[in-house]
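The values are calculated or read from the model by the stated rules, or taken from the named source; none is laboratory data. Keep in mind it's a predicted model, so treat the numbers as computed, not measured. All Cβ positions, even for glycine, are placed from backbone atoms using ideal geometry, and neighbour counts span all protein chains on display. These accessible areas exclude ligands, DNA and RNA; they are computed on the full protein's heavy atoms, side chains included. Shrake-Rupley method; radii C 1.70, N 1.55, O 1.52, S 1.80 Å.
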Amino acid sequence: LLTQSTRALRLARELALSADSSTIAQLLARHVGEIAGSGPTAVYLLGAGRAPLQAAASGFLARQPLGPPRVVARCFEEGRLVAAAAGDVAELAGYGVSCREAFAAPISAGGEIFGALLVGVPTGAPVGIHPSLLVTATELAGASLANARRLALTHAEARRDPLTDLGNHRAFQ
């Protein structure tokens with residue numbers, strides 16, 4: 001448990017220092033995978049048209065031809081933490097992942113869903129991941145993604161003239 005707490009604190013620190021969505025996704029996948037006993041993880045961020053795109057993965061096949069697994073789709077539909085059913089675990093085995101259980105949790109902040117995190121607990125892992133720790137990790141990532149978005153908007157506003165919407169002196173420099 002101490003190791004999981006230490007890893008969770010490391011994740012929180014690194015997320016607080018990140019301002020890029022792909023970095024945030026990679027940090028979340030790596031650290032939560034470590035917390036779950038080197039379990040497979042995948043982060044899906046909502047892209048254009050609100051379609052979930054795999055942004056980072058650890059222990060999963062790099063490309064999943066049919067989109068996200070069903071458990072992730074249910075997580076998006078229900079907007080809450082979802083435990084994988086037996087059929088979902090079998091589907092993950094089709095991706096080359098052997099796990100005894102899996103969870104998908106929404107990555108959100110301020111009522112807006114940015115994506116979802118899928119984590120599998122390996123078959124031989126002595127300890128799994130507590131669902132509340134998973135929810136906390138995704139809430140931290142959601143806050144980081146919201147902050148990254150606000151920072152990007154602030155930078156864009158700082159380079160535009162509000163009256164003409166043209167680039168200003170700062171943008172020129």
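Overview of results
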item	result
Residue tally, condition outside any loop (DSSP other than H, G, I, E, B), out of contact with any Asp or Glu (no Cβ under 9 Å at 6 or more places or on another chain) and of a type in the set (A, V, I, L, M, F, W, C), over segment 106-130	6
Verdict on F114 being within 15 Å of the chain's Cα centre (by Cα), at pLDDT below 90 and of a type in the set (A, V, I, L, M, F, W, C)	no
For E34: the one exception among (1) part of a loop (DSSP other than H, G, I, E, B); (2) surrounded by 14 or more Cβ atoms within 10 Å (Cβ to Cβ); (3) not β-branched (V, I, T)	(1)
Residue ID - least open to solvent (accessible area, probe 1.4 Å), chosen from residues in segment 37-52 that are aliphatic (A, V, I, L, M) and modelled with pLDDT under 85	A51
Of all residues in segment 1-15 being without any contact (Cβ under 8 Å) to a residue 24 or more places away in the chain and surrounded by 14 or more Cβ atoms within 10 Å (Cβ to Cβ), the one that is farthest from A55 (Cα to Cα)	R10
Single residue of V89, V135 found to be in contact with an Asp or Glu (Cβ under 9 Å, 6 or more places away or on another chain), assigned to a helix (DSSP H, G or I) and surrounded by 16 or more Cβ atoms within 10 Å (Cβ to Cβ)	V89
Enumeration of residues in segment 138-158 that are more than 16 Å from the chain's Cα centre (by Cα) and open to solvent by 40 Å² or more (accessible area, probe 1.4 Å)	R150, L151, A152, L153, T154, H155, A156, E157
Tally of residues being at pLDDT 85 or above, open to solvent by less than 50 Å² (accessible area, probe 1.4 Å) and farther than 11 Å from A42 by Cα across segment 59-75	3
A12 vs. criteria assigned to a strand (DSSP E or B) and under 15 Å from the mean Cα position of the chain (by Cα)	no
Whichever residue in segment 16-30 is surrounded by fewer than 22 Cβ atoms within 10 Å (Cβ to Cβ) and touching a residue at least 40 places away in the same chain (Cβ under 8 Å) and, among such residues, is farthest from V119 (Cα to Cα)	A19
Test: residue in segment 135-155 that is hydroxyl-bearing (S, T, Y) and touching a Lys or Arg at 6+ places or on another chain (Cβ under 6 Å)	no
